[in-house]
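Below is one structure; the comments refer to it alone.
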Amino acid sequence: MERESNLKVWFDRVDSEKTGSITAAQLKAALSVGNLDFSISVVQQMIRMYDFDRNGTMSFQEFVELNRFLLKVQQAFSDAERARGYIVPDDVYEALVKLGFSLDSPAFYTVCQSFDQKKNGRFRLDDFISLCIFVHSSRNMFNSFDTSKQGRVTLDLNQFIYCTHFYGVIIPSCRRYYKILEINQKMSEI
Ligand SMILES: [Ca+2]
């Protein structure tokens, strides 16, 4: 309870215009004060994960849920980090398993490559959070299509475009697939 009241103080400070909700720009600025540097698209994705009323901003209750997710991710990072300030891909893999995400090698290395911002095999907390947000959001979207809970989905072209466009903003390889798809589509129209 005390933690929630501390959160409320923090939330109210970020909600500088006292609207009762915070925007992606406000959240991004507030996180950067704590040395967490995220692109605006990752912060937008963060908001989207818990934007229960779909209004594009974050109410306090939505923020409490996001914070719960971030604390879990942060804990998994701290357990693996061992005072280095970063984790390496093997640690990322173990931390993801702890968080309930078990990826096969091609998926894991593709995601690692996309979120290794400095391309040095070292993931800082903000890299790891961005990666977890992508994996978590992908699972949510997958589950929304996997209505029979078979662990497999069939997408038509429109659904595929929707998925790749939705995530193309935060994962460059998806954007490439989208471009390829667009080119193929144009070629088939000729
Ligand atoms: Ca909202």
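The values are calculated or read from the model by the stated rules, or taken from the named source; none is laboratory data. What you see is a predicted model, and the numbers here were worked out from it, not measured in a lab. Here the Cβ is made from the backbone with ideal geometry for all residues, glycine too, and neighbour counts use every protein chain on show.
Quick grid of which residues meet (1) at pLDDT 95 or above; (2) within 12 Å of the ligand (Cβ to nearest atom):
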{"residue": "GLN45", "(1), (2)": "no, no"}
{"residue": "ARG48", "(1), (2)": "no, yes"}
{"residue": "ARG54", "(1), (2)": "no, yes"}
{"residue": "PHE60", "(1), (2)": "yes, yes"}
{"residue": "LYS72", "(1), (2)": "yes, no"}
{"residue": "ALA76", "(1), (2)": "yes, no"}
{"residue": "ALA83", "(1), (2)": "no, no"}
{"residue": "ILE87", "(1), (2)": "yes, no"}
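Just to verify a result, which residue in the range 85-101, among those that are touching a strand residue (DSSP E or B) at 6+ places or on another chain (Cβ under 8 Å) and within 18 Å of SER138 (Cβ to Cβ), is surrounded by the most Cβ atoms within 10 Å (Cβ to Cβ)?
Looking at residues that are touching a strand residue (DSSP E or B) at 6+ places or on another chain (Cβ under 8 Å) and within 18 Å of SER138 (Cβ to Cβ), I get VAL92.
Assuming LYS118 fulfils every condition listed in (1) within 16 Å of the ligand (Cβ to nearest atom); (2) without any contact (Cβ under 8 Å) to a residue 40 or more places away in the chain apart from one, which condition is it?
(1)
When you scan the range 56-65, how many residues do you find that are more than 12 Å from ALA24 (Cβ to Cβ) and of a type outside the set (Phe, Trp, Tyr)?
Going through the range 56-65 one residue at a time, the tally reaches 5.
Test ILE22 against the criterion of being over 23 Å from MET141 (Cα atoms), within 16 Å of the ligand (Cβ to nearest atom) and in contact (Cβ under 8 Å) with a residue 40 or more places away in the chain, and give yes or no.
Numbers: over 23 Å from MET141 (Cα atoms): yes; within 16 Å of the ligand (Cβ to nearest atom): yes; in contact (Cβ under 8 Å) with a residue 40 or more places away in the chain: yes.
The answer is yes for ILE22.
Scan the range 1-53 for residues that are in a loop (DSSP other than H, G, I, E, B), buried (at least 19 other Cβ atoms within 10 Å of the Cβ) and hydrophobic (A, V, I, L, M, F, W, C) and jot them down.
PHE38
For (1) out of contact with any helix residue (DSSP H, G or I) (no Cβ under 8 Å at 6 or more places or on another chain); (2) closer than 25 Å to ASP12 by Cβ; (3) in a helix (DSSP H, G or I), each residue gets a yes or a no:
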| site | (1), (2), (3) |
| --- | --- |
| GLY56 | no, yes, no |
| ARG68 | yes, yes, yes |
| SER78 | yes, no, yes |
| ARG84 | yes, no, no |
| ASP91 | no, no, yes |
| GLY100 | yes, no, no |
